[in-house]
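*Asks:* Provided herewith is a single structure, encoded as structure tokens, for subsequent inquiry.
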Amino acid sequence: MTRIAIAEEQRITRWALAEALGKIEGFEIVGQAGTVEDTLALIRTAKPEVLVLDTTIPDHSGFDVLAEIGRIETGPLVVVLAPFTEPSYAARSIAAGAHGYVAKSAAPDELVEAIRAVMRGEQVIPPGVEKLLEVGDGHPASALTARELQVMEMLARGMTNREIADHLDIAIKTVDTHRGHVLKKLGLRNNAELARFAVKHGYVTL
């Protein structure tokens, strides 16, 4: 039996995935989570072999989960299931440590096969992604540092500089400095343009 955990923000979607995958021969659902914190706790306690992950889950970025899983010696294989079909977003997921990527618009059988494929040691990569990975341009904001990327995503979600400073435990002035670097590197003028960029390229959802 393949032990599977599901990390998805929407409760109904999470329930539907668990119900559907739980009926597949050879699959066992060992847990569900709706936040990054709960997902990491689930991984440590239930020890799933495969995590089906929606990278748009709240309370950080779903990419934080991928980063944390990389630090867990017995972490699961990860199949990202996200609402974006852009190759750049899929490339970013693979570059961050995902073993497979399936868009939510795909046929259900594609998710089932992706889970089986990663269990066989294969990587499931959508068309157009390999070329992006080869040139090292996994996402449109590749020029940003990890901290600048964090700040960009938080600003795009509507957080204030003070809220970001408190969350990251850094000075407000430092947040403003990071914001300035983000705007300059991406050729943007203000937070409104930053938010549109983040939504367009799948860093945050509305």
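Every number here is computed from the coordinates shown, using simple stated rules; none is lab data. Remember, it's a predicted structure, so these values are computed and weren't measured experimentally. Here Cβ is always computed from backbone atoms with ideal geometry, including for glycine, and neighbour counts include all displayed protein chains.
*Asks:* Would you mind putting 7-15, 30-38 in packing order, based on average other-beta-carbon counts within 10 Å, highest first? Mind showing how you got there, number by number?
*Replies:* Numbers: 7-15: 16.3, 30-38: 18.4.
The most tightly packed comes first, giving 30-38, 7-15.
*Asks:* What size of dipole, in debye to the nearest 20, comes out for the range 146-200 about its Cα centre when the only charges are +1 on Lys and Arg C-beta atoms and -1 on Asp and Glu C-beta atoms?
*Replies:* Values: 10 positive and 7 negative charges, 58 e Å.
Value, rounded to 20: 280 debye.
*Asks:* Next question. Restricted to Cα positions, what overall size does the range 146-200 have along the principal axes? Three whole-Å values, descending.
*Replies:* Computed over the Cα atoms, the extents are 28, 19, 18 Å.
*Asks:* While we're here: Could you state the angle between the C-alpha long axis of helix 146-156 and the longest principal axis of the C-alpha atoms of the chain, as a value from 0 to 90 degrees rounded to the nearest 10?
*Replies:* Compared with the principal axis, the helix lies near 80 degrees.
*Asks:* Let me ask you something else. If the reach is capped at under 26 angstrom between alpha carbons, list the lysines near Lys173, excluding any in the same chain fewer than eight residues apart.
*Replies:* The qualifying lysines are Lys184, Lys185.
*Asks:* Here are several values of Rg and Dmax of the Cα atoms in Å: (1) 17.2, 55; (2) 20.0, 75; (3) 16.6, 48. Which one was derived from the coordinates shown?
*Replies:* Label (1) holds the value from this structure.
*Asks:* Under 19 Å from a point 7 Å along the Cα-to-Cβ line of Ile170: which residues of the range 63-82 have their amide N that close?
*Replies:* 63-65, 67-68
*Asks:* Another question, if that's okay. Size of the dipole of the chain about the Cα centre, Lys and Arg at +1 and Asp and Glu at -1 on the beta carbon, nothing else charged, in debye to 20? Kindly include the intermediate steps, with their values, before the conclusion.
*Replies:* Numbers: 22 positive and 28 negative charges, 112 e Å.
Approximately 540 debye in magnitude.
*Asks:* With 27 Å as the limit, write out which pairs from Lys23/Lys47; Lys23/Lys200; Lys104/Lys200 have Cα-Cα distances beyond it, or answer none.
*Replies:* Values: Lys23/Lys47 20 Å; Lys23/Lys200 35 Å; Lys104/Lys200 17 Å.
Over 27 Å apart, Cα to Cα: Lys23/Lys200.
*Asks:* Additional query: Of Gly26, Ala7, Asn191, which is farthest along the charge dipole of the chain in the positive direction, counting Lys and Arg as +1 and Asp and Glu as -1 at C-beta?
*Replies:* It is Asn191, whose Cα lies furthest towards the positive end.
*Asks:* Quote the FRET efficiency, to the nearest 0.05, computed for Glu28 versus Thr85 with a Förster distance R0 of 22 Å and r equal to the Cβ-Cβ distance.
*Replies:* Numbers: r = 29 Å, r/R0 = 1.34.
So the FRET efficiency works out to roughly 0.15.
*Asks:* Given a Förster distance of 30 angstrom, what is the FRET efficiency for Glu37 paired with Lys200, based on the Cβ-Cβ distance and rounded to 0.05? The partial results should precede the final answer.
*Replies:* Details: r = 28 Å, r/R0 = 0.92.
Result of the calculation: an efficiency of 0.65.
*Asks:* Also: Can you order the peptides 157-166, 89-98, 176-185 by their average number of other Cβ atoms within 10 Å per residue, highest first?
*Replies:* Details: 157-166: 15.1, 89-98: 24.2, 176-185: 16.9.
Ranked by mean Cβ neighbours within 10 Å, highest first: 89-98, 176-185, 157-166.
*Asks:* At R0 = 35 Å, how high is the FRET efficiency between Asn190 and Ala146 if r is their beta carbon distance? Nearest 0.05 is fine. Show your work: numbers first, answer last.
*Replies:* On the way: r = 23 Å, r/R0 = 0.66.
Approximately 0.95, to the nearest 0.05.
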